[in-house]
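Structure first, commentary second.
The values are calculated or read from the model by the stated rules, or taken from the named source; none is laboratory data. The structure presented is a predicted model; accordingly, all values stated were derived computationally and were not measured. All Cβ positions, even for glycine, are placed from backbone atoms using ideal geometry, and neighbour counts span all protein chains on display.
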Ligand SMILES: Nc1ncnc2c1ncn2[C@@H]1O[C@H](COP(=O)(O)OP(=O)(O)O)[C@@H](O)[C@H]1O
Ligand SMILES: [Mg+2]
């Protein structure tokens, strides 16, 4: 197993807010890492630093042993980081198919990019909506469009920021199954504020609180962690 | 998707043919015995269309509003007159004009396009003022008295050139908008952060587009310099032309190829009427028209018409719910 992503002692301050306090993690290729924590724990901020939306205040980010700490987001996307946004950000003026097509690197393949866009849409179950305006989709569909658009990059690392939030039970289990199937193609970090619903599909997990990692390890380790049990699994401090 | 691509291809093909046919017909006017009034009207239509499409290529497609396109055209006009007066051939002189405007755009592009749209808009306003100041002070630019083209060219020459620039710019917007790069530009206009997350180098795209757009504006201004033959800085670099450059596509539909064509026709018509009725109010009234369009059609006439026809299309194909039930 080789390391695909390494985060070393990353900090992020927004003025007085210390949103991420010294997070370190390493992700192996083909791994699905769960990233849990309550609202405001710093999960999205960590994603934004990994994806390059803004640089960390201090610390280092490496993609496949290459230091990308100071590289802009577009270059990291080209280097193989695909991400979704917690608050969906579709290109509203484009159709669903065009949203995905726009993300396929131009002049990359010999194949037909439009056919490729359709394949991806089919995989996430959005093919019937291909020609609809992206702005007209329901939340559940928008979440899947986010995933489809990230997949169009053929990423080595996929950052999924609460893709399950706001979905119905059946949508959740469908998408969770789909995400599990993506492990063959990419290493994944899956953010969820609900430990219970997705810990089962993870190879490993990290739990954050108030900007810091409070637990990490195998799903079993996480389940047994007293701090996590107190905070998430509804058990009293015993 | 094959259908979708077919539809796209059909739009580009038919659109291009229509543009080429119109361009050829309008360019032939000097030899078709039309009155000089009609010919002049068509010339000005093409002038405002070319300028509007130049603005459209940058501001219409990216949403970064430029107030410098009048000044960029002015740079082209000055450059071509200076070059022709230095006995350079026409083609070279036009090329120099386009390059001069392109270079001027890089100054603001490189400094302000990393930032938000408002910084860019202010930078373009600054360029407008800076250029006027420079031209009035620079000795070789003739000072406040302006400069005059020494050689007199036949009238058909700027006419044909302007029609060609307008037709070419319209064709460019039509094809570029539907290209893959065009799609990525439209994505960027919707959401720059999301666009960078799919690998789009937004700053570079904006700088390149602004430079291309400025070169077209410079070329437009250059052809008009040949047409006008005497240039006065206060006229050439007045903000009015920059306002027209953005009013034309905004009225017709910014970000579309057809929009500026409609906008140019409407603007030239308005201008003709108002030059007689209220010459001092003409830009004010253009502003009012623009406001009305924004109020009632949001994104201009062409997109509004598009929605209207698509609605009719659907009604023709898909039975209404009442009919299905019956
Ligand atoms: N751009 C920002 N500016 C200021 N504060 C921010 C910004 N982004 C996040 N924060 C703050 O950082 C903390 C962590 O937020 P976030 O990373 O969104 O948490 P999570 O995704 O785990 O819910 C919160 O207190 C939030 O208010
Ligand atoms: Mg979050």
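Here is a yes/no grid of residues against (1) assigned to a helix (DSSP H, G or I); (2) surrounded by fewer than 19 Cβ atoms within 10 Å (Cβ to Cβ); (3) out of contact with any helix residue (DSSP H, G or I) (no Cβ under 9 Å at 6 or more places or on another chain):
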site: B:133; (1), (2), (3): yes, yes, yes
site: B:144; (1), (2), (3): yes, yes, no
site: B:150; (1), (2), (3): no, yes, no
site: B:157; (1), (2), (3): yes, yes, no
site: B:161; (1), (2), (3): yes, no, no
site: B:164; (1), (2), (3): yes, yes, no
site: B:167; (1), (2), (3): yes, no, no
site: B:170; (1), (2), (3): yes, no, no
site: B:175; (1), (2), (3): yes, yes, no
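Can you tell me which residue within region A:97-145, out of those that are facing chain B (nearest Cβ under 10 Å) and in contact with a strand residue (DSSP E or B) (Cβ under 8 Å, 6 or more places away or on another chain), is nearest to residue B:192 (Cα to Cα)? For region A:97-145, the residue satisfying everything is A:134. You will find that of B:265, B:276, the residue that is at pLDDT 95 or above and surrounded by fewer than 23 Cβ atoms within 10 Å (Cβ to Cβ) is B:265 and no other.
Restricting region A:49-71 to residues that are in contact with a helix residue (DSSP H, G or I) (Cβ under 9 Å, 6 or more places away or on another chain) and within 16 Å of ligand 2 (Cβ to nearest atom), the residue that is nearest to residue A:8 (Cα to Cα) is A:50. Number of residues in region A:201-234 that are closer than 23 Å to residue A:172 by Cβ and at pLDDT below 90 equals 7.
Consider region B:177-188 and keep the residues that are more than 7 Å from chain A (Cβ to nearest Cβ) and assigned to a helix (DSSP H, G or I). The one that is farthest from the chain's Cα centre (by Cα) is B:188. The condition of being crowded, with 16+ Cβ neighbours inside 10 Å and within 13 Å of chain B (Cβ to nearest Cβ) holds for only one of A:157, A:190, that being A:157. Within region A:6-34, restricting attention to residues that are outside any strand (DSSP E or B) and at positive phi, the residue that is nearest to ligand 1 (Cβ to nearest atom) is A:15. Residue count for region B:201-253 satisfying the condition of being surrounded by fewer than 24 Cβ atoms within 10 Å (Cβ to Cβ), within 14 Å of chain A (Cβ to nearest Cβ) and not in a helix (DSSP H, G or I): 1.
Output yes when any residue across region A:81-95 is within 14 Å of chain B (Cβ to nearest Cβ), in contact (Cβ under 8 Å) with a residue 12 or more places away in the chain, away from ligand 1 (no atom under 15 Å from the Cβ) and within 28 Å of residue A:204 (Cα to Cα), and no when none is. Scanning region A:81-95 turns up at least one residue that is within 14 Å of chain B (Cβ to nearest Cβ), in contact (Cβ under 8 Å) with a residue 12 or more places away in the chain, away from ligand 1 (no atom under 15 Å from the Cβ) and within 28 Å of residue A:204 (Cα to Cα).
How many residues are within 10 Å of ligand 1 (Cβ to nearest atom) and buried (at least 16 other Cβ atoms within 10 Å of the Cβ) if we restrict to region A:35-52? Result for region A:35-52: 12.
Determine if region A:16-34 includes at least one residue that is farther than 22 Å from residue A:144 by Cα, without any contact (Cβ under 8 Å) to a residue 60 or more places away in the chain and either out of contact with any strand residue (DSSP E or B) (no Cβ under 7 Å at 6 or more places or on another chain) or within 13 Å of ligand 2 (Cβ to nearest atom) (or both). Within region A:16-34, one or more residues are farther than 22 Å from residue A:144 by Cα, without any contact (Cβ under 8 Å) to a residue 60 or more places away in the chain and either out of contact with any strand residue (DSSP E or B) (no Cβ under 7 Å at 6 or more places or on another chain) or within 13 Å of ligand 2 (Cβ to nearest atom) (or both).
Quick grid of which residues meet (1) in a helix (DSSP H, G or I); (2) in contact with a strand residue (DSSP E or B) (Cβ under 9 Å, 6 or more places away or on another chain):
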residue: A:177; (1), (2): yes, no
residue: A:188; (1), (2): no, yes
residue: A:191; (1), (2): no, yes
residue: A:198; (1), (2): yes, yes
residue: A:206; (1), (2): no, yes
residue: A:216; (1), (2): no, yes
residue: A:223; (1), (2): yes, no
residue: A:230; (1), (2): yes, no
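Counting the residues of region B:290-303 that are surrounded by fewer than 16 Cβ atoms within 10 Å (Cβ to Cβ) and in a helix (DSSP H, G or I) gives 5.
For region A:157-173, taking the residues that are more than 16 Å from ligand 2 (Cβ to nearest atom) and not in a strand (DSSP E or B), the one that is nearest to residue A:46 (Cα to Cα) is identified as A:172.
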